[in-house]
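Undergrad: Got a structure for you, questions after.
The values are calculated or read from the model by the stated rules, or taken from the named source; none is laboratory data. Since the model is a prediction, treat every value here as computed from it, not as a measurement. Positions of Cβ are backbone-derived with ideal geometry, glycine not excepted, and every protein chain shown enters the neighbour counts. Ligands, DNA and RNA are excluded from the accessible area calculation, which covers all protein heavy atoms including side chains. Shrake-Rupley method; radii C 1.70, N 1.55, O 1.52, S 1.80 Å.
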Amino acid sequence: MTRTIALALSAALLAAAGSAQNVDPAASVPATAVPETVAGSVGAPPSVQTFDQPAPGARSPRNASYDIDVRLDHAARTLRGRETLRWRNISSRPAAELQFHLYWNAWRNRDSTWMRERRFVTGYTPPRDDAWGSIDVDAIRLHRADGTVTDLTDQIRFVAPDDGNAADRTVMTVPSPVSIAPNGTAEIEIEWRARIPRPFARTGYIDDYYFIAQWFPKIGVLEDGGWNTHQFHAVSEFYSDFGVYDVAITVPRDFVVGASGREIGRAENGDGTMTARYHAEDIHDFAWTASPRFIDVRRTFQHPALNRVEMRLLLQPEHAGQEDRHFDAAAATLRYFGEWFGPYPYDYLTIVDPAFQSGSGGMEYPTLITAGTRWIAPRAIAVPQSVTIHEAAHQWWYGVVATNEFEAAWMDEGLTMFGEPRITEEMDQANRLAIRFFGGFLPWVIDDIALRRETNGNRLPTYRLAAEADAPATATFRYWPASATPISYDKTALWMHTLERHLGWPVVQQILSTYFERWKFRHPQPAHLFAIANEVTGSDFSWFFDQVHGGSNTFDYAVQELVSERTGEDPYVTTVVVQRLGEGTFPVDVVTTFEDGRQVREHWDGRDRRVMYVYERPARALTAQVDPRRVLLLDVNYTNNTRTLAPRAGEASLKWSLKWMGWLQDLMLTYAFFV
Ligand SMILES: [Zn+2]
C-alpha cells in the first residue's frame, strides 16, 4: 500500500520539478520513493547503493548468492532441496527479519492471491485436481559470522503485505535473532520440499518434460524503505537481488538438463540418477528444465565488438530442423541490442523449446529463455522468431537492468516490446529485395509499428480499450488484471515509439544505451529512466512522462471542420478547425492540401481544445489532416484525423486526385482500425 502511494508521489513531484528550468527531475524525488539516492545536478550519474566488491570482477552487488542441491523425483512429481544463501544487507536500514518468496504456494489452494486474481482474467479455467503445486520449508537455520547457528524453523510465519490475504502463503518471514546491520551478512540454510504443479504460470511438468522456475525459497529485496517482498500475483512477475548461483540438479539418468548459467560438471550417481552442476555469476534468478527428449544443439555467437556467446538450444524432437529460426533470432538480438544498447554481459545463453501444451513458452530468465513453436511453422509465420527475439531482448530489460516487475512491469515488458520490431526489421532487410522482386508479402515499413504487431498474430489491439484502465505509475500488481498486458506492453511501446518519432532514433538509442550502461546490475525506478531522457535530450520531458506514465488520459486529435468556398472570382477562403478530444496533449502538425497540389503545414502545440486556421488562396482545399506523419501513436481514434471535401459537381479534372484521396483515406481507416 505505501509503495503505491510513494510511486504516485514521485510522479507528482516529477511534475512539480518539470516547471522549473534546468532542474534534474530525479533530484526532487524523495529518497523514500527511490531507494537508490539520485545525484543532484544534470549530467552527473545517479549514485547507487554502495557495496564492497565481494570478489574481483564482480559486476553486481552479489548480495544474494545461492548454493542449491535439488533432487527431482520423477515418479512422485516432487522436488526436494537444500540451499545455502549468503546474503548481505545492502540497504541503509538494519534487518530485524528475513522475508522469502515461496512462489509455488500460489497454486496451493483456491484462495491464494494468485488464484483469486486469476479468476478475473479472461479465459481462466480452473485447474485440474492433480494440477496443484506447493512448497514447504522443513528447516531454516541462520549461521552468523561468529559461528552461532540459530534454528528458526518454528518461528516461520506467513505474511501478505499486499492484500492481507490469510490464505496466501507466498511470502514467508522469520525474525533474525540479531538485527543485521547495513553491509552486515548472514548465511541462511534452508531445507524444503515442493510438489511440482501441472503447468501454472509457465512452471511445472507435462509427461516427462519439466520446466522449473520460481522454485526455491528466495529472499526478497530489502530496500531503504523496508522489505520489498510482494506476494505472487496473477499479472505481475518478479524482483530480486543479484548473486552467484551454484546449483546441483539431480534427475533420472537419461534426462537432459538445461539451466541458467553454464554447466560445470555432470556425474552419474549409480542409482539411476545423474547430477548436473551449473554455475552463474551476477544473475538474479535461476530456472532449469529437464526432459529425456531434448535435442541438444550448440552454436557460437561471434561479433567483432561484442563478447562471444555460446548459445545452447534444447529442441523438441518434433521441431528438428527449426534450429536456424531460434539461433538466427537469438543471434540477431545479441547483435543488435548489443550494438544499440550495450553488450550482453554473459558468455552463455540457453534457449528452451518447450513441450507442446506445457504452457512454459515465451518466458525470460537470466541467461535462459523459453521460445515458442507451433507444430507446423511455415516459413512465413514469424512466431518462433518473434518469441525468441522478445525473450532474448528481455536479457537487457529485466535480466541485466533488473527493474521491479511487481511494481513497474512496463519497464521490462514495454521496453522489450519497443525494441523487438526493430530487430525483426533489421533481420528482414536482408530479404527485402527478394521480397520486392519475387513477390510475397509487402515488407513492413517502420511507421507501421503498431499495425505490424497486430497483424503478426500475437496480441489483440487492446490498448484502445484499456487506455483509461490504469495509470502505469500504479504498481502493476494492483492493475485490473485484464489491463496489465495492454498497459505494460502496448501502451509503453506506443509511447516509446511516439518519443522516437518525435526525437528520432539516434536520440532514443542514446537514452536507452545510457540507461543500460548506468543501471546494469542495479534496480532503477521509473524516475531514473525519465531523468536520463531529460539529460540526453537536454530538455525537460516531464510533461510527456507525467501523461503517459503518471496518468491514464487518452489522446485524440480530430479535424472538426473543413470549409473551402469563394464568392465569384475572389480567392477561396478555407477554414480548418482542429480539435483536441482527449485530455492528453501533444504537439501535432496540421496539414491542409489544396487542389493545385500545394500544402500548408502548421505546428500546433496541441494544448487548446480547438484551433482555427483560415487561408485565402486561389485554389480550393482538398483535405485537412492533423498529425499526418502519425507521430502520436497513442491517438485512440485515427479515423477522425482527416477530412476531405466532396467533389464539386461536374468537375472532371478532379476525378483522378479524388480517387487517390479516397484510396488514401481507405488506407488510413484500415490502419486506424488496427491501431
Ligand atoms: Zn516479455
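Undergrad: Once R0 is set to 22 Å, what does the formula 1/(1 + (r/R0)^6) return for the Cβ-Cβ distance between D151 and D67, expressed as a FRET efficiency to the nearest 0.05?
TA: Efficiency computed from Cβ-Cβ geometry: 0.70.
Undergrad: Using a simple spin-label model with points 7 Å from Cα along the Cα→Cβ vector, what separation in nm is obtained for V563 and T300?
TA: Distance between the two pseudo-spin positions: 7.5 nm.
Undergrad: Each residue of segment 308-323 in turn: what ³J(HN,Hα) in whole Hz from Karplus with 6.51, -1.76, 1.60 and θ = phi - 60°, glycine and Pro shown as x?
TA: So the Karplus estimates, Gly and Pro as x, are 5, 10, 7, 9, 10, 10, 9, 10, 5, x, 6, 9, 3, x, 9, 4 Hz.
Undergrad: What accessible area per residue, rounded to a whole number of Å², is obtained for segment 229-323 using a probe radius of 1.4 Å?
TA: Working: 3360 Å² over 95 residues.
Accessible area per residue: 35 Å².
Undergrad: Any chance you could check the Cα centroid distance between segment 227-277 and segment 527-585 for me, in angstrom?
TA: For segment 227-277 versus segment 527-585, the Cα centre distance is 51 Å.
Undergrad: Shifting gears a bit: How much of the accessible area of segment 297-354, probe 1.4 Å, is carbon plus sulfur, in whole percent?
TA: Within segment 297-354, the accessible surface is 43 percent carbon and sulfur.
Undergrad: Could you work out how much longer the chain between R598 and E268 gets when fully extended? Use 0.36 nm per residue separation minus the Cα distance between them, nm to one decimal.
TA: Values: separation 330, 0.36 × 330 = 118.80 nm, distance 7.93 nm.
Once the chain is fully extended between R598 and E268, it gains 110.9 nm.
Undergrad: Also, quick follow-up: At a 1.4 Å probe, what is the % contribution of carbon and sulfur to the accessible area of segment 86-145?
TA: Numbers: 1240 of 2610 Å².
Here it works out to 47 percent.
Undergrad: Spin-label point model (7 Å from Cα, Cβ direction): what's the W480 to R609 distance in nm?
TA: For the pair W480/R609, the computed spacing is 2.6 nm.
Undergrad: Let me ask something additional. In segment 324-365, whose amide N lies under 17 Å from the spot 7 Å out along Cα-to-Cβ of D207? List them in ranges.
TA: Of the residues in segment 324-365, 353-361 have backbone N under 17 Å from the label point off D207.
Undergrad: Note the full-extension length gain between E318 and S179 as 0.36 nm times their separation in residues minus their Cα-Cα distance, in nm to one decimal.
TA: 44.6 nm
Undergrad: If you don't mind, there's one more thing I want to ask. So how much slack lies between T575 and A167, counting 0.36 nm per residue of separation and subtracting their Cα-Cα distance, in nm?
TA: Contour length minus Cα-Cα distance gives 140.4 nm.
Undergrad: Over segment 120-223, with the other protein chains present, what is the accessible area per residue in square angstrom, probe 1.4 angstrom?
TA: 41
Undergrad: Another question, if that's okay. Of all the accessible heavy-atom surface of segment 165-245, with the other protein chains kept in place and a 1.4 Å probe, what percent is carbon and sulfur? Display every interim value, and only then the final one.
TA: Working: 880 of 2020 Å².
Carbon plus sulfur share of accessible area: 43 percent.
Undergrad: How much accessible area per residue does segment 479-584 have, counting only protein heavy atoms and a probe of 1.4 Å, in square angstrom? Provide the component values of the computation, followed by the final result.
TA: On the way: 3460 Å² over 106 residues.
Here the per-residue accessible area is 33 Å².
Undergrad: For the pair T84 and E583, how long in nm is the line joining their label points, each one 7 Å along Cα→Cβ?
TA: About 5.6 nm, to one decimal.
Undergrad: Amide H neighbours of L152 under 5 Å, counting only residues 5+ apart in sequence or on other chains, H built in-plane at 1.01 Å?
TA: Those lying under 5 Å, H to H, from L152 are I140, R141, L142.
Undergrad: Residues in segment 496-516 near a label at W543, defined as backbone nitrogen under 20 Å from the 7 Å Cα→Cβ point?
TA: 496-504, 508
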